[in-house]
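Engineer: Here you go, one structure.
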Amino acid sequence: MDVSELDDNDLRTLLCILQKDHPEALAAAIKTMNASDEIPFDDLTFTEQEKEEKENFDVNAKFEQLKEKKGCYLHYDPSSAKLKLQFTSTPVHNAIGFYSSPTIPEFKYRKNFGRADLIGNCASGVAGRKQYYSGWCQFIRAARAAISSEENASGDTNGEFWIFPRDQDSQGLDVDIYAYDAMAEYQTVQLPENMSLKDKIINADAVTCLPRHSSVFEEVKKMDLNRWLVRANNIGSTSRFTVAAGPDNPASPALISLVPGGRTSSGGVVEENDDLGEIGAPPHEEEKGCYLQYDADSCKIKLQYSTSRVRDAIGFYCAGPGHTIRGFKFTKNFGRSELIGNCASGVTGRKNYYSGWCQFLRAARALNGPVWIYPRTEGQPGLDVDIYVYYKEPNDQDELDLDGQNSIKLEDGVPCNVSNIDGVACLPKHADFFAEVKTMDMNRWMTEGNTIGATSRFE
């Protein structure tokens with residue numbers, strides 16, 4: 001073991017052990033080191049206050065409820081931006097999670113002094129936070145596996161699983177952790193801190209780690225597991241434990257509650273918003289295809305490949321004659337994919353929103369498919385837009401009566417053939433865009449359109 005790999009806390013712990021068990025050897029080592037030209041090491045020994053804190057460490061109120069203190073502790077190391085594990089019989093002062101089980105192999109307590117990295121790159125930024133949430137899910141998966149194997153071997157479980165509140169002076173993220181149990185009356189419950197949770201995770205079909213006070217399920221009364229996972233993963237991280245979990249009738253899953261225990265402080269059942277109701281019938285008979293959606297939570301324009309109508313869609317296309325949408329599009333990630341992000345407020349956000357529409361029509365054109373633009377309903381997030389298409393040779397379009405006009409605005413709620421268009425422009429609603437001009441140069445049309453919205457040229 002290279003001593004240079006030890007941080008200050010590790011060195012203090014090691015020196016504490018030496019000071020307690022081998023004080024004479026430690027004193028001789030310090031004397032030898034101070035005799036050299038190096039910086040004296042006597043400042044690494046513990047003060048009386050620090051020694052007292054170490055001696056009383058195992059009775060810290062944070063861990064006093066644990067029946068078994070030997071196990072795996074989860075903690076965040078800000079110096080390396082990693083979530084780490086510590087297999088030990090002595091509580092770790094900055095631990096944020098813990099599980100115990102007699103099935104944990106003994107070598108884990110000895111190898112590298114019981115230390116192991118769980119996940120790295122948990123620094124600031126979107127990617128860093130995502131890693132942090134993912135680390136929590138991995139920790140719960142490991143705890144569930146250890147406790148479940150104990151139950152399978154002996155028919156009983158003595159292990160524990162706990163979530164600890166983060167110390168105010170420690171770094172890290174405040175999180176909310178939810179478990180999904182398809183067979184429970186309330187499928188979704190929040191896992192509380194400072195409470196034994198082994199039964200919650202053993203029976204869970206999935207867990208998610210989200211930012212503290214997230215309201216990702218706030219407006220949802222019913223939800224199947226697949227949708228639950230997708231929604232939670234948009235802002236946090238998830239881990240699924242079962243291959244096919246969920247109610248026998250996915251269309252009618254049980255109600256969910258998003259407070260600890262699924263009840264209010266008075267013990268009453270927490271009801272969420274009214275049912276979202278049936279999805280309105282689309283203005284086309286063919287429902288299998290690609291739906292365009294705007295996700296206000298993540299400020300992204302997304303695609304949903306589905307064989308049936310999709311709620312809150314703003315656009316749709318299906319494959320044209322001689323073309324098909326590849327099957328994996330409907331199964332990979334439950335048919336969901338991101339088209340473009342950062343579609344929030346401001347000039348850049350609106351520009352990305354318009355650009356997403358242009359990319360959507362480009363994909364429809366590649367499949368020779370008709371496109372439908374859905375008008376936004378009242379209160380629905382997003383932007384009202386006008387979509388224009390450009391034909392270099394309008395008189396060659398036998399199926400359309402363009403009367404030599406290069407630029408045409410597509411109408412909402414009607415099929416739009418984009419297979420032969422040479423360019424597309426997405427603009428703010430009611431934009432004054434060559435309204436009285438019949439013919440124009442395509443370069444000028446593209447430049448003007450890109451100035452107030454977004455355009456895409458097809459070669």
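Every number in this text was worked out from the coordinates using simple rules, so none of it is lab data. This structure is a prediction, so every number in the text was calculated from the model and none was measured. Note: ideal-geometry Cβ built from the backbone for every residue, glycine included; neighbour counts use all protein chains shown.
Engineer: Report the FRET efficiency, 1/(1 + (r/R0)^6), for E106 and N342, where r is their Cβ-Cβ distance and R0 is 60 Å, rounded to 0.05.
Structural biologist: The calculated FRET efficiency here is 0.75.
Engineer: Please identify which residues in region 317-349 have an amide N closer than 15 Å to a label point set 7 Å out from the Cα of A363, following the Cα→Cβ vector.
Structural biologist: 317-320, 324-341
Engineer: Taking the number of other C-beta atoms within 10 Å as the exposure measure, put T188, T324 in order starting with the fewest.
Structural biologist: Going from least to most buried by this count: T324, T188.
Engineer: I'd like to compare 200-207, 396-403: which one has the highest average count of other Cβ atoms within 10 Å, and what's the full order after that?
Structural biologist: Sorting 200-207, 396-403 by mean packing, highest first, produces 200-207, 396-403.
Engineer: Something else: So if we plug the beta-carbon distance of N395 and A127 into 1/(1 + (r/R0)^6) with R0 = 45 Å, what FRET efficiency do we get, rounded to 0.05?
Structural biologist: 0.30
Engineer: With the cut-off at 20 Å, tell me which of the pairs K108/K200; K130/K300; K82/K130; K82/K200 have Cα atoms farther apart than that.
Structural biologist: K108/K200; K82/K200, as the Cα separations exceed 20 Å there.
Engineer: Evaluate the distance, in nm, between pseudo-label points positioned 7 Å from the Cα of N158 and of D297 along their respective Cα→Cβ axes.
Structural biologist: For N158 paired with D297, the spin-label model returns 4.2 nm.
Engineer: Starting from the Cα-Cα distance between M442 and R309, subtract it from 0.36 nm times their residue separation and give me the gain in nm to one decimal.
Structural biologist: Going from the current span to full extension adds 44.3 nm.
Engineer: Moving on to the next point. From Cα pairs below 8 angstrom and at least 6 apart in sequence, can you work out the relative contact order of region 361-459, rounded to a whole percent?
Structural biologist: 33 percent
Engineer: Stretch T377-D432 to full length: gain in nm at 0.36 nm per residue minus the Cα-Cα span?
Structural biologist: So the chain would gain 17.5 nm between T377 and D432.
Engineer: Under a crude label model (7 Å from the Cα following the beta-carbon direction), how far is E459 from S80 in nanometres?
Structural biologist: According to this spin-label approximation, the distance is 5.0 nm.
Engineer: Express in nm, to one decimal, how much length is gained between K70 and R326 on full extension, taking 0.36 nm for each residue of separation and deducting their alpha carbon distance.
Structural biologist: So the chain would gain 87.0 nm between K70 and R326.
Engineer: To continue, here is another question. Could you work out the relative contact order of region 289-457? I mean the mean sequence separation of Cα pairs under 8 Å and 6+ apart, divided by the number of residues, in percent.
Structural biologist: 21 percent
Engineer: Follow-up question, since we're still on this one. Sort F328, F139 so that the residue with the fewest other Cβ atoms within 10 Å of its own Cβ comes first and the one with the most comes last.
Structural biologist: So the ranking, lowest neighbour count to highest, is F328, F139.
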